[in-house]
1. Over the chain, what relative contact order in percent results from Cα pairs under 8 Å that are six or more residues apart?
2. Check Asn279: other-chain or 5+ apart residues with amide H under 5 Å from its amide H, H built from backbone geometry?
3. From the cross-link list Lys180/Lys259; Lys95/Lys273; Lys54/Lys152; Lys182/Lys276; Lys54/Lys273; Lys95/Lys276, which pairs have alpha carbons spaced over 22 Å apart?
4. Would you mind checking the tilt of helix 49-58 against the longest principal axis of the Cα atoms of the chain, expressed as 0 to 90 degrees and rounded to 10?
5. Using alpha carbon centroids, what distance separates segment 263-308 and segment 93-157, in Å?
6. Explain nothing, just compute: Karplus ³J(HN,Hα) = 6.51 cos²θ - 1.76 cosθ + 1.60, θ = phi - 60°, for every residue of segment 88-102 in order, whole Hz, x for Gly and Pro.
7. Only Lys, Arg, Asp and Glu count, each charged at its Cβ (+1, +1, -1, -1), so figure out the dipole size of segment 156-241 about its Cα centre, rounded to 20 debye.
8. Accessible area per residue of the chain at 1.4 Å probe, in Å²?
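The values are calculated or read from the model by the stated rules, or taken from the named source; none is laboratory data. None of these values were measured; they are calculated from a predicted model. Please note: Cβ atoms are built from the backbone with ideal geometry, for glycine as well, and neighbour counts cover all protein chains shown. SASA here: full protein model, heavy atoms, side chains in, ligands and nucleic acids out. Shrake-Rupley method; radii C 1.70, N 1.55, O 1.52, S 1.80 Å.
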Amino acid sequence: AHQVAFAQSCQVLLHPTIMLGSKGSMKEDVLEVPKAPMQPVEVVRADSAESFVKQMMRTPDMNGLVLTDFLSNVCGSRDLLAWAEQICSLGEPVKDQLCYYEGHEAKPGESFSQQLQRQLEADFQECGRDLLQQGLVEQGAELARGSPSAVKALCQLLQRSMQLHESCAEAGGREDLRWKIKLEMNQDGACTKYHDDMIDVRFAMTLAGHGTVLADNKAVDWDFYESCEGIIPALAEAEDLSPENARSIIQTWNERITKGEVMTEPGDLSIMKGGKLTNRPCLHRAPYCAGEGMQAARLLITVDRIPQDE
């Protein structure tokens, strides 16, 4: 039961205050407050990932980083992207959201890497059986057999992502957290308005479809963004809006937040500071093609560290 119902929420929450302690631990007192204009989101090669991540975490006026073609750097090929495009092309039958929590339904003595691999294998084997039963794949095909090669590569990619995420923890000092990994396949209703996440650091990577869009810090109107408190007045006041009109209102609001944006491609890794770490978090949104009522062929992965009780 690793599958959970999809519930979209991108409401911007009021940020708690956090203070860096003498050894890098965080106390809920004073947020990391940038004293200078925010630096642009860095778009860099994945070769020196750790050094870029640690630099971002040490720098208050940096809130985002994109490692281009991170997947190929880790896996040595783009085969996993081809698999993701193939499975997502099946449409509604593979529409799903899979969440994996460290320790949830783990076996005694099992590491999270072992737990994750076992649960991924089980979920994609079940998916393969369903596709075979519906006649959407042929007996013996990779998808019908549970995508074993893809799952192996996916585990490799996630393991490397978690190792890199630990670089954020070393620099930021958050303890008593557990892993949460989420895979969204062909989900609609994604948050297409600019928002931040109430978390320390989020890793996001698209394997199929359009990538996450990050706001260009040089052009963000922070005063307007903060004054809205996560609400678009024109949406809140209007009733019975058509999806087209709602998308137009969201797009107009996004352009008021920033005139510039940083696009990402499948295989790129976005690393974003969240609202628990800074009062100028990395603003981002889903592509418009993944909005409410759309039929997006898309696979999105997010990697988070969350409190044990969440």
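1. Rounded, it is 30 percent for the chain.
2. Correct list: Glu32.
3. Those over the limit are Lys180/Lys259; Lys95/Lys273; Lys54/Lys152; Lys95/Lys276.
4. 30 degrees
5. Comparing the Cα centres of segment 263-308 and segment 93-157, I get a distance of 22 Å.
6. Result, ordered by residue: 6, 5, 6, x, 4, x, 10, 5, 6, 10, 10, 10, 10, 10, 4 Hz.
7. 620 debye
8. About 48 Å² of surface per residue is accessible.
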